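Inspection log for the structure reproduced underneath, given as structure tokens.
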Amino acid sequence: MDLAYGEEYERFREEVRAFLAEHGKDAPPQFSRGKSDAQSRAWQQLLIERGYAARTIPKEYGGYGAEPDVLKAHIIAEEFAKARVRAGHIGDDRLVPTLLELGTEEQQRAYIPPTVRGEMRWCQGYSEPNSGSDLASLSTRAELDGDEFVINGQKIWTSGAQHADMMFCLVRTEPDAPKHQGISYLLFSMDTPGIEVRPLVTMTGDASFNEVFFTDVRVPASQIVGRRGEGWYVANATLKHERGGLGDPNQAETRFLHIVDMMRNETIDGRPLMEFPAYRDRLLKLQGQMLAMRFNGMRILSHAIKGEEPGLPRWIVKLNGCEMNHQMAGMAIDLMGELGVLYHGSPHIRDSGLWQQRYMLDLGLIIGGGTAQIQKNLIGERALGLPKELKVPPQA
Amino acid sequence: MEFGLTEEQRMLQESVSGYLGSACALTRVREAAAASDTKPADVWEGLAQLGVQGIVTPEDYGGVGLSMLEAALIAESLGGAAAPVPYVASCVMAPVALTQAGSAAQRDAWLPRIASGEAVLGVGLTEQIGRRESAGIGVEDGRLTGRAMFVLDGMDADTFIVADNDGAMHLVRAADTDRRALKTIDRTRSVAEVACDSATAEVLPGSVANREPLLATVDAGRIMLAADTLGAAQTMLDQAVSYAKERRQFNRVIGSFQAVKHLCAEMAAALEPCRSLVWYAAHAVRAVPGESRLMACHAKAHLSEVGRFVARTATEVHGGMGFTDLLGLHYWFKRIGFDRQMLGAPEIVREEAAVAQGWIEA
């Protein structure tokens, strides 16, 4: 056990803090929606210059070009989260690593630099109405016609499709092959004729997801990443990044501190909520879970520094982290009681209705990115070695 | 930055677990429990060869002088084997109390004998955490009168460390008290009720008008109970998983059913982060003293909750067999149940955690 980061890293942390103190005020709001704007692009450019965004992307592709350093990346994420300043990005944290690993040089040069600068926005075309948890059963077809693929079908849950310039998409190109071996990975512009985006309004009242329909959408055959029929493996090369990202313990810590403030400041009959043992005990239970996940995160980090696969400690992050965030949002609403149901613009509203928004959104996150039940299958099968469920033969 | 065990720590834990795996398998646990033997001489001897009794006792006193983290790793191994060993009070709490509050003469007299396994000390601090009935001990002219309930390792001990009503700790010989066994669900560890009627005692001078040594002793005990629960729950989970891989119904192993698989996954998801929490709490005692009380409280409370969940769920995965005596699962089930209540049940300990971080006044 050695919890010290060492002099080099402490100095690095000081640099990040000094940067945030000086420039944090120039950052765009935490979550901006819509097309990329000038402020966001300027912020991203500044972060890349300082090495706080696109850190390990090679310079020739518009990144900062540093050697991978897990601990520095961790420090950057931690300090930006603490300062509640919007962090930089590498454009799209699934697409860019995929292209770096498996794209042609031409694809890398065409797409990575504008993506990293924030000028080219992507959406992910994976899920379909009948292929959710069983993603590999997807049925959107792409048939080769001369030197073009012709795409027909439908995607759903496509975040940001209404604002995206491009899509990376899984399509079935070999209908006769076993399901995992018949998929290809294509890149195309959202302006291609035959694409229709329809917003999908969720329980929060927002339309952050979409349905995307394809009717005879023609895409040059050179827009494939990897070979025909290998799309499943191309997508999975980076799917692991997404799974690790959901359920990040930093987010739970920020929420927890917010709830502690609320317990001190909100009152019932003039008494702060912190004086009510039932609320206090519930808060302390959540703190125990949160601490366990914080230290679990440190354990994962230690493995990552050494280039080791953490195994079980990582397999549980999405399941536990999303559940914990959801419980925190639920607790915040309960603390507010009647005030907790006020929404969008009501008098007396607290935090602009943020907690109701989160409570619903978190349920979406428990379901999205691999449902809680799929996570339990993965933990059971991959970490505990339990056998897969017997396959049911397809019905005639 | 390295959040994990060193090679030496891993080897220590493997050697203790390995020894218990052969010398203290379930059949031995059964025999000891049937004979109400909570300190089988052969197991006690074998552990002494590995330095278990002196793990936290300073080297100057014949101990191994290691930290709470090594002590917690041993507690985890003992919990994993449901081993009948008076460890928590005698091997960890008593040395902490003596090291922090004992006089030079008391340390000389007791620490080497604890470390060698020759002496066993019971520890009775329950009344300083949450008094039940009218227990408690008063002091007059240095003599103790009153009762200490739930003295840990109390039936194996020849001497006790008990707290008086002001929180000062005293050494009192079992022969100078009226001791009786409190029979608990857990037959692998002993608890005594110790009654004193003007009993001769020696105060630990550092604990007079200074609560810190008592609190440090309780913290250490809580971390050990948390680690014990971690080990016991891990054993139950491992057994549930292997049973789910073997047991067949409807022409398939039951672990292939999601209903069963998900119970196993839920146990693993709840238990795995507990390992990191216990490691951190144990490490913090020396390395992050400002956080150590809070972390000891959370380790104790959180492991109690997860332990209960795993104990009942692992039993359930075994179906009817889990409910029988045949598999012996209940030894771990009861061990976890015991750990949960000693030195403060979860609600009590969480309330202390609220005080420790300044949320409320004590």
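The values are calculated or read from the model by the stated rules, or taken from the named source; none is laboratory data. This is a predicted model, so every value here is computed, not measured. Cβ atoms come from the backbone with ideal geometry, glycine included; neighbour counts cover every protein chain shown. All accessible areas refer to the heavy atoms of the entire protein, side chains included, with ligands and DNA or RNA removed. Shrake-Rupley method; radii C 1.70, N 1.55, O 1.52, S 1.80 Å.
Please compute the per residue accessible area over the stretch B:121-207 with all protein chains in place, 1.4 Å probe, rounded to a whole number of Å².
With all protein chains present, the stretch B:121-207 gives 42 Å² per residue.
Please report the accessible area of A:Val85 (heavy atoms, 1.4 Å probe, ligands and nucleic acids excluded) in Å², nearest 10. The value for A:Val85 is about 20 Å².
My understanding is that a pair violates if its Cα-Cα distance is over 18 Å; which of B:Lys183/B:Lys334; A:Lys388/B:Lys245; A:Lys155/A:Lys318 do that in this structure? Present the calculation step by step, with values, prior to reporting the outcome.
Values: B:Lys183/B:Lys334 12 Å; A:Lys388/B:Lys245 11 Å; A:Lys155/A:Lys318 24 Å.
Over 18 Å apart, Cα to Cα: A:Lys155/A:Lys318.
Summed over the residues of chain A and divided among them, the accessible surface reaches 48 Å² per residue at a probe radius of 1.4 Å. The ellipsoid that matches the Cα gyration tensor of chain B has semi-axes, each √(5λ) in whole angstrom, of 34, 21, 20, with the longest given first. Comparing mean-square fluctuations of A:Met331, A:Met203, A:Met120 from a GNM of chain A with C-alpha springs under 10 Å, the top value falls on A:Met203. Cross-link reach is defined here as a Cα-Cα straight distance under 21 Å, omitting same-chain residues fewer than 8 places apart; for A:Lys59 the lysines meeting it are A:Lys72. For the protein assembly as shown, a simple Cβ point-charge model (Lys and Arg +1, Asp and Glu -1, everything else neutral) yields a dipole of about 1440 debye relative to the Cα centre. Leaving out ligands, DNA and RNA, what percent of the accessible area of the protein assembly as shown is carbon and sulfur, probe 1.4 Å? That fraction is 52 percent.
Might you report the magnitude of the Cβ-based charge dipole of the stretch B:262-362 about its Cα centre, with Lys and Arg at +1 and Asp and Glu at -1, to the nearest 20 debye? Let's see the in-between values first.
Numbers: 10 positive and 11 negative charges, 52 e Å.
The dipole of the stretch B:262-362 has a size of about 240 debye.
Positive-end ranking of B:Thr159, B:Val191, B:Ser134 along the dipole of the stretch B:121-207, with charges on Cβ about the Cα centre, is headed by B:Val191. Longest stretch of chain A clear of exposed loop sites (trypsin sites (Lys or Arg not before Pro), DSSP loop, at most 15 other Cβ atoms within 10 Å, sites excluded): A:85-226. Legend: residues A:Val197, B:Val278, B:Val139, sorted from most to least accessible area (1.4 Å probe; ligands, DNA and RNA excluded), read B:Val139, A:Val197, B:Val278.
How many times 2.2 N^0.38 Å is the alpha carbon radius of gyration of chain A? Please list the in-between numbers first.
On the way: Rg = 22.6 Å, N = 396, 2.2 N^0.38 = 21.4 Å.
Dividing the Cα radius of gyration by 2.2 N^0.38 Å gives 1.06.
Which value, to two decimals, describes the C-alpha radius of gyration of the stretch B:121-207 once divided by 2.2 N^0.38 Å?
Working: Rg = 11.7 Å, N = 87, 2.2 N^0.38 = 12.0 Å.
Relative to the 2.2 N^0.38 Å estimate, the stretch B:121-207 comes out at 0.98.
Here r is the Cβ-Cβ distance between A:Asp26 and A:Arg198 and R0 is 41 Å; the resulting FRET efficiency, rounded to 0.05, is 0.70. Here the stretch A:45-194 was treated as a single set of alpha-carbon atoms; its pair distances binned every 10 Å from 0 give 10, 34, 31, 19, 6, 0 percent. Shape call for the stretch A:122-229 from the C-alpha gyration tensor, a ≥ b ≥ c root eigenvalues: rounded (a/c under 1.5), prolate (a/b greater than b/c) or oblate? Judged from the Cα gyration tensor, the stretch A:122-229 comes out oblate (a/c at least 1.5, b/c at or above a/b).
Give the longest segment of chain A that steers clear of GluC sites (Glu not before Pro) in DSSP loops with at most 16 neighbouring Cβ atoms within 10 Å, not counting the sites themselves.
Working: sites that count: A:Glu119, A:Glu308, A:Glu389.
Free of exposed loop sites, the longest segment is A:120-307.
Sort A:His163, B:His302 from largest to smallest accessible area, using a 1.4 Å probe on the heavy atoms of the protein chains.
A:His163, B:His302
Leaving out same-chain residues fewer than 8 places away, which lysines sit with a Cα under 16 Å from that of B:Lys300? In chain and number order, the partners are A:Lys285. The alpha carbon centroids of the stretch A:331-346 and the stretch A:118-164 are separated by 38 Å. Under the rule a/c < 1.5 gives rounded, and otherwise a/b versus b/c splits prolate from oblate, where does the protein assembly as shown land using the Cα gyration tensor? Here the protein assembly as shown falls in the prolate category. A straight Cα-to-Cα reach below 17 Å connects A:Lys179 with the aspartates and glutamates A:Glu128, A:Asp134, A:Glu143, A:Glu230, residues fewer than 8 places away in its own chain not being considered.
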